[in-house]
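The values are calculated or read from the model by the stated rules, or taken from the named source; none is laboratory data. No experiment lies behind these values; they were computed from the predicted model shown. Using ideal geometry, Cβ is built from the backbone for each residue, glycine included, and neighbour counts are taken over all protein chains shown.
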Amino acid sequence: MNELLERPRRRGVLGILATGGIGLIGGLASMVATADPAEAFCQPEACCNLASCRTCAGSCHFTCPSGWHRQQWFCLAGTRIIGCGECTRSTTTCESGPWYCSVMWDDGVCG
């Protein structure tokens, strides 16, 4: 009965093509999976495209540890203005890392 449950193996050229195809797909998937963390979308967000999986404390009033710089910008999610922020080593832009933490907030709630 176990013989009926086993998946048949392909032999010859079809087996090589099937194995090679799976390897090719796996290789392509691993290239995409190792993309820059900024593209990882590891935090729930509306439109920010945050760089770090670590969430900064303090939402719209977040602060950065010593040696890290607060960078913020805004985007629209429907009709809501969303604040986005990151602590980065850069003094001028949020585009270059490394990043210590990232955060987003609904700007209508912050005062």
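Pick from the range 63-79 the residues that are within 14 Å of residue 47 (Cα to Cα) and part of a loop (DSSP other than H, G, I, E, B): which of them is farthest from the chain's Cα centre (by Cα)? Write out each step before concluding.
Just the residues of the range 63-79 that are within 14 Å of residue 47 (Cα to Cα), to begin with: 72-79.
Still in the running and part of a loop (DSSP other than H, G, I, E, B): 78-79.
Details: 78: 21, 79: 24 Å.
Applying the filter and picking the extreme gives 79.
Summed over the range 49-79, the residues that are at pLDDT 95 or above and either of a type in the set (Gly, Ala, Ser) or not assigned by TED's automatic domain parsing to the domain that holds residue 91 (or both) give a count of 2. Output the number of residues of the range 55-88 satisfying the condition of being surrounded by 15 or more Cβ atoms within 10 Å (Cβ to Cβ) and more than 15 Å from residue 107 (Cα to Cα). Qualifying residue count, the range 55-88: 9. Taking the criterion of being farther than 16 Å from residue 57 by Cα and assigned to a strand (DSSP E or B), the residues of the range 80-111 that qualify are 80, 81, 82.
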